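Read the figures in this text as sums done on the coordinates, not as results from a lab. Everything numeric here is computed off the predicted structure, so don't read it as measured data. FYI the Cβ positions are ideal-geometry reconstructions off the backbone, even for glycines, and counts take in every protein chain you see.
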Amino acid sequence: MENLIRFITKNSPWFTWLFLAILSIVLLCQTNPYHRSIWFGSANFITANVYDAQSSVTGYFGLRQANVELLERTGILEAENQALRQQLQEYQALDFHQHDSVKHQYRYLIAHVVGNSINQAENYITLDKGAADGVHQDLGVADQNGVIGIVANVSEHYSLVLSVLNPKLRLSVMLKDTEAFGSLVWDGKDSRYAVFEDLPRNVDYNNGDTVVTTGYTSSFPKNVPVGRVVDTFDGGGSFLTLHIELFSNFNRLNAVHVIFNKEQEERDQLQASVSATE
Amino acid sequence: MSILLYILWLLLAVVLQVLLFNHLSFFGGVALVYVIALLKAPVEISRVLQIVMGFLVGFVIDIFCNTPGMHSLTAVSVMALRDSILHLYNDDPEFKSGLVTMQQIGLSAFVRYALSFIGLHCLLLYIIESFTLFNLPVMLVKVLISIGLTFGFCMAFEFAAAKR
């Protein structure tokens, strides 16, 4: 017994190291973002508040650029609005009635980015809206330029978003012109680029083509911009891999919107009611 | 008193790391300024305390970076080896208290000590990171850039402190 105590006290640094290293490894192995505890991440109360204070200062830095982008975006929307108005008039002339539920399928909530990283192997974004604002897991997040990520975890007033710059996120995307689809992943190299995988080889495309979401998953509506094709990587086989330049500048995120899909809520309620009666 | 001052320096380094240096990436590499504060830790602190300190600092950085365990595992392991690394380069038996500085152990010993410490830390950190994403050339570039940036800041700080 005495020998054991002497052994432990003599080697106490190594026991301390072993204990803390095992603790770290346990933390390290919680790889699933959905199971990751809110307490050990940037969405907990203290860290989120520190980041909040920081972004209340740095949030102003990118405003000039954000303004320009917003103006460009308003221009595009204005043009689209005009075109749609024109179409609507044509349809009205034909006495065409659109079904009510199709009109407002999506709802948007403005949130601010309080924490963000772009140089980790797996990047997360912290937003200042949480469960109290109705945010829940799997909602899509975008900004004025394009797709940002998907909500992975929420606390009362903050939420943690799995960024596009995270290899754990696979997004269903397509080429806007041909509607040929595949999946978007990040290769971990550069925060400005991502990779469009599994595009069938027979599809026609050009560099500069726009890539948008497919709407196949409930997180994003169809046609949310993602990026543009800049390069092809031909790995052989029957699929192509394209390099995509992302529209969103992850270096300078500020205001984003969380996308609520009303049909998804309806579907969830329906499924919940079915399982309740079983 | 000097220990208290050192703890303040350590806190400042952590805050700077989280709020400033984590956001300044250069081809994917980041300057790890908190490592500079760790490698200068006073030599009279016991080995156990050094290890615990490494863990706490790494843990706080992890929480802010959303990388649970990564920085803490690295800092714990490197701090466990710190005394041995220091003994490799410093042969002055009189050096029993105070911060590890250039004046204390000499320029060449300090450079070798700092490079070993920072190099080991960065290498270990990015190896642990790449368990989740394997991309060797990108990782090596990141390691080299991080070592360069951190060592640069370390020497700049050292010369600035020596001048005063």
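A few remarks follow.
- At R0 = 35 Å, FRET efficiency that the Cβ-Cβ distance of B:LEU88 and A:ILE8 yields, to 0.05: 0.80
- Separation in nanometres of the label points that stand 7 Å from Cα toward Cβ, at A:PHE233 and A:ASP204: 2.7
- Partner shielding of A:186-196 amounts to 2, given as the average count of beta-carbon atoms from other chains within 10 Å of each residue beta-carbon.
- Calculated mean residue ellipticity at 222 nm for the protein assembly as shown: -16000 deg cm²/dmol, from DSSP H runs with n ≥ 4 weighted as -39500 (n - 2.57), summed, divided by the residue count and rounded to 500.
- Signed unit charges on C-beta, dipole axis of chain A, positive-most listed residue A:ASN166, A:TYR51, A:LEU270: A:TYR51
- Seen through its C-alpha gyration tensor, with square-root eigenvalues sorted a ≥ b ≥ c, the range A:100-265 comes out oblate because a/c lies at 1.5 or above while a/b is not bigger than b/c.
- Too-long pairs where the Cα-Cα distance tops 28 Å, listed order kept, from A:LYS10/B:LYS96; A:LYS222/B:LYS142; B:LYS96/B:LYS163; B:LYS40/B:LYS142; A:LYS129/A:LYS176: A:LYS222/B:LYS142; A:LYS129/A:LYS176
- Calculated FRET value between B:ARG112 and A:ALA276, using beta carbons and R₀ = 60 Å, to 0.05: 0.30
- Computed magnitude of the charge dipole of the range A:100-265 (debye, nearest 20; Cβ of K, R +1, Cβ of D, E -1): 220
- Hits among lysines - C-alpha to C-alpha of A:LYS168 under 16 Å, sequence gap 8 or more where chains match: A:LYS189
- Partner shielding of B:70-77 amounts to 5, given as the average count of beta-carbon atoms from other chains within 10 Å of each residue beta-carbon.
- A Förster distance of 30 Å, applied to the separation of the beta-carbon atoms of B:LEU16 and A:ARG64, puts the FRET efficiency at 0.70.
- Backbone N within the range B:3-26 under 18 Å of label point (7 Å from A:ASN49 Cα along the Cβ vector): B:15, B:19
- Against the main long axis of the alpha-carbon atoms of chain A, helix A:45-58 sits at an angle near 50°.
- Charge dipole of chain A about the Cα centre (unit charges at C-beta), most positive-ward option of A:ILE150, A:ASN81, A:ASN207: A:ILE150
- Rounded Å value of the spacing that divides the Cα centres of the range B:1-37 and the range A:219-268: 35
- Among B:MET70, B:MET53, the ranking by other beta carbons within 10 Å of each residue's beta carbon, starting with the fewest, stands as B:MET53, B:MET70.
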